[in-house]
């Protein structure tokens with residue numbers, strides 16, 4: 001988004017300043033107006049709870065992260081497979097497109113209770129919900145990457161009498177990798193959301209359970225501490241995919 | 001083969017498989033009993049659907065209003081843009097549905113907590129996309145406008161706003177889907193009516209056919225809103241047909 005023109009990367013001070021101002025305003029406002037902690041805890045007390053409850057919360061967070069990663073991996077694999085199918089067969093493309101659009105305009109998160117009926121209160125329904133959320137952006141992006149190749153290149157390969165397989169390996173696949181990574185960037189936070197929403201609906205472990213449990217006891221500080229932990233994890237996942245993107249670097253074709 | 005034959009085949013296979021293996025209704029109801037439930041419980045479903053739809057409508061309207069105000073402010077004030085945009089982009093990656101329990105504490109089990117959730121979840125894609133659209137303008141056009149001594153207001157009205165319309169619609173398209181998710185999840189966390197509440201209730205009573213019927217209604221809401229955005233796009237920017245705005249990642 002920003003125009004990085006120079007080689008010298010400059011610390012973006014504006015967002016830092018603005019965020020500190022907002023947080024300071026929140027802290028001071030809450031103190032000045034004596035807002036009760038159960039309604040809106042102050043930022044400092046949230047941080048305090050995050051530190052003091054780390055021992056209890058981090059194992060729950062680790063479980064949620066595990067569910068999210070399992071769902072993410074499954075969703076990415078399934079998405080890639082479906083994308084291959086979509087790219088290879090016009091019949092599948094025509095038939096599956098409306099189904100996929102329908103399944104996407106339906107809130108997938110609403111399936112969470114059904115998954116609990118099917119697979120119980122354990123880890124499986126959370127990972128599956130994460131998988132369902134992850135699947136679509138991966139399949140859609142990957143299919144687009146496989147099909148929207150440069151027509152000139154396609155013609156060039158044709159004139160060299162490249163086989164279907166050669167076209168696939170030399171042109172389509174490399175082209176699709178950038179799209180795949182872009183899809184993964186969208187999907188990474190979604191995996192975490194799937195896991196947390198799954199825990200909202202039925203769980204006795206995981207950070208989603210911790211958040212809901214704290215809400216039931218009106219311990220808002222603990223709840224917000226859990227939320228911040230989830231937020232930090234989501235950001236970390238996003239940054240991890242971005243690092244992967246940078247690592248793949250020159251092989252990527254930027255998706256339009 | 002006609003379009004949709006695969007969908008039809010899948011539904012028939014589902015019906016046959018459930019009957020053949022005698023799967024109990026509470027585990028996986030056949031499409032026929034879902035259809036029967038859709039008819040028999042129409043009044044109940046319509047009542048809860050109206051609640052959810054109301055939450056979505058109010059929340060979305062607020063999100064559009066808030067998103068437009070913030071986007072215009074960010075487009076006009078460079079400091080705000082440089083300061084707020086990264087924060088917004090960061091917040092996109094934060095799972096916003098986790099805040100739903102807090103909203104229930106603030107506003108109770110009624111309409112308020114759901115509207116707030118819908119607003120929060122739908123606000124980001126609208127604000128981020130619209131800001132991008134207002135700022136990502138062809139530099140040549142701006143130069144041309146300067147040659148004609150256009151005022152800032154004229155540039156805004158004749159260049160930036162038309163340029164932003166496709167971006168806005170793309171953001172709205174993401175936002176309507178998220179809005180349904182927000183309303184349902186907020187109802188999961190604490191509600192006494194609405195389709196999300198009904199789903200949880202069916203779940204607890206193992207009335208899976210009715211649960212599927214709720215999902216069908218939710219799907220209909222989603223598809224309807226999507227179609228509405230499509231129609232809005234044709235109305236707002238008839239010149240940009242088929243042009244796709246950039247998709248900002250869909251953070252919940």
**Q.** Residue check, residue B:94 closer than 23 Å to residue A:186 by Cβ, outside any helix (DSSP H, G or I), within 20 Å of the chain's Cα centre (by Cα) and within 11 Å of another protein chain (Cβ to nearest Cβ)
**A.** yes
Q: Identify the single condition in (1) closer than 25 Å to residue A:224 by Cβ; (2) surrounded by 24 or more Cβ atoms within 10 Å (Cβ to Cβ); (3) away from chain A (no Cβ under 13 Å) that residue B:122 does not satisfy, given that it satisfies every other one.
A: (3)
Q.
Just the residues that are free of Cβ contacts under 8 Å to residues at least 40 places away in the same chain and either buried (at least 20 other Cβ atoms within 10 Å of the Cβ) or on the phi > 0 side of the Ramachandran plot (or both), please, taken from the range B:49-94.
A. B:83, B:84
(Q) Need the failing condition index for residue A:183 against (1) surrounded by fewer than 23 Cβ atoms within 10 Å (Cβ to Cβ); (2) touching a helix residue (DSSP H, G or I) at 6+ places or on another chain (Cβ under 7 Å); (3) assigned to a helix (DSSP H, G or I); (4) more than 8 Å from chain B (Cβ to nearest Cβ), just the number. (A) (1)
Q: Name the single residue, out of those in the range A:104-130 being more than 20 Å from residue B:214 (Cβ to Cβ), in a loop (DSSP other than H, G, I, E, B) and free of Cβ contacts under 8 Å to residues at least 60 places away in the same chain, that is nearest to the other protein chains (Cβ to nearest Cβ).
A: A:120
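Could you run through the range B:1-39 and say how many residues are surrounded by 13 or more Cβ atoms within 10 Å (Cβ to Cβ) and in a helix (DSSP H, G or I)? Steps first, answer last, please.
Going residue by residue through the range B:1-39, those that are surrounded by 13 or more Cβ atoms within 10 Å (Cβ to Cβ) are B:6-7, B:10-11, B:14-15, B:18, B:23, B:25-26, B:28-38.
Now restrict to residues that are in a helix (DSSP H, G or I): B:6-7, B:10-11, B:14-15, B:18, B:31-38.
The total comes to 15.
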Q. Quick one: which of B:39, B:72 is over 20 Å from the mean Cα position of the chain (by Cα), more than 11 Å from chain A (Cβ to nearest Cβ) and closer than 21 Å to residue B:172 by Cβ?
A. B:72
Q.
Among the listed residues B:17, B:61, identify the single one that is within 19 Å of residue B:179 (Cβ to Cβ) and either away from chain A (no Cβ under 14 Å) or in contact with a strand residue (DSSP E or B) (Cβ under 7 Å, 6 or more places away or on another chain) (or both).
A. B:61
Q: Could you list all residues from the range A:191-205 that are more than 7 Å from chain B (Cβ to nearest Cβ), buried (at least 24 other Cβ atoms within 10 Å of the Cβ) and at pLDDT 85 or above?
A: A:191, A:194, A:195, A:198, A:199
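So if I check each of A:34, A:47, A:101, A:81, which one is farther than 21 Å from residue B:90 by Cα, away from chain B (no Cβ under 14 Å), out of contact with any strand residue (DSSP E or B) (no Cβ under 6 Å at 6 or more places or on another chain) and part of a helix (DSSP H, G or I)?
Numbers: A:34 fails: part of a helix (DSSP H, G or I); A:47 fails: farther than 21 Å from residue B:90 by Cα; A:101 fails: away from chain B (no Cβ under 14 Å).
Within the list A:34, A:47, A:101, A:81, the selection yields A:81.
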**Q.** Residue list for the range B:180-199, restricted to those being in a helix (DSSP H, G or I) and either in contact with a strand residue (DSSP E or B) (Cβ under 8 Å, 6 or more places away or on another chain) or at the interface with chain A (Cβ under 9 Å from one of its Cβ atoms) (or both)
**A.** B:180, B:181, B:182, B:183, B:184, B:185, B:188, B:189, B:195, B:196, B:199
(Q) Which of the numbered conditions does residue B:46 fail, given that it passes all the others? Conditions: (1) within 16 Å of residue B:216 (Cβ to Cβ); (2) within 13 Å of another protein chain (Cβ to nearest Cβ). (A) (2)
Q | Positions within the range B:79-90 being more than 8 Å from chain A (Cβ to nearest Cβ) and under 21 Å from the mean Cα position of the chain (by Cα), in sequence order | A | B:88
Q. Within the range A:206-216, restricting attention to residues that are at pLDDT 90 or above and surrounded by fewer than 22 Cβ atoms within 10 Å (Cβ to Cβ), which residue is farthest from residue A:115 (Cα to Cα)?
A. A:213
Q: Kindly indicate whether residue B:139 is in contact with a helix residue (DSSP H, G or I) (Cβ under 9 Å, 6 or more places away or on another chain), without any contact (Cβ under 8 Å) to a residue 24 or more places away in the chain and either within 15 Å of residue A:110 (Cα to Cα) or more than 9 Å from chain A (Cβ to nearest Cβ) (or both).
A: no
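So that you can scan it fast, the table gives a plain yes or no per residue for (1) within 10 Å of chain A (Cβ to nearest Cβ); (2) farther than 23 Å from residue B:134 by Cβ; (3) touching a strand residue (DSSP E or B) at 6+ places or on another chain (Cβ under 6 Å); (4) part of a helix (DSSP H, G or I):
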{"position": "B:163", "(1), (2), (3), (4)": "no, no, no, yes"}
{"position": "B:178", "(1), (2), (3), (4)": "yes, no, no, yes"}
{"position": "B:201", "(1), (2), (3), (4)": "yes, yes, no, yes"}
{"position": "B:214", "(1), (2), (3), (4)": "yes, yes, no, yes"}
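Just to be sure, is residue B:157 more than 18 Å from residue B:118 (Cβ to Cβ) and either out of contact with any strand residue (DSSP E or B) (no Cβ under 9 Å at 6 or more places or on another chain) or not in a helix (DSSP H, G or I) (or both)?
Working: more than 18 Å from residue B:118 (Cβ to Cβ): yes; either out of contact with any strand residue (DSSP E or B) (no Cβ under 9 Å at 6 or more places or on another chain) or not in a helix (DSSP H, G or I) (or both): yes.
Against the criterion (more than 18 Å from residue B:118 (Cβ to Cβ) and either out of contact with any strand residue (DSSP E or B) (no Cβ under 9 Å at 6 or more places or on another chain) or not in a helix (DSSP H, G or I) (or both)), residue B:157 qualifies.
The values are calculated or read from the model by the stated rules, or taken from the named source; none is laboratory data. Note that the coordinates shown come from a computational prediction; the quantities given were computed from them, not determined experimentally. Glycine also receives a Cβ, built like all others from the backbone with ideal geometry; neighbour counts cover every protein chain displayed.
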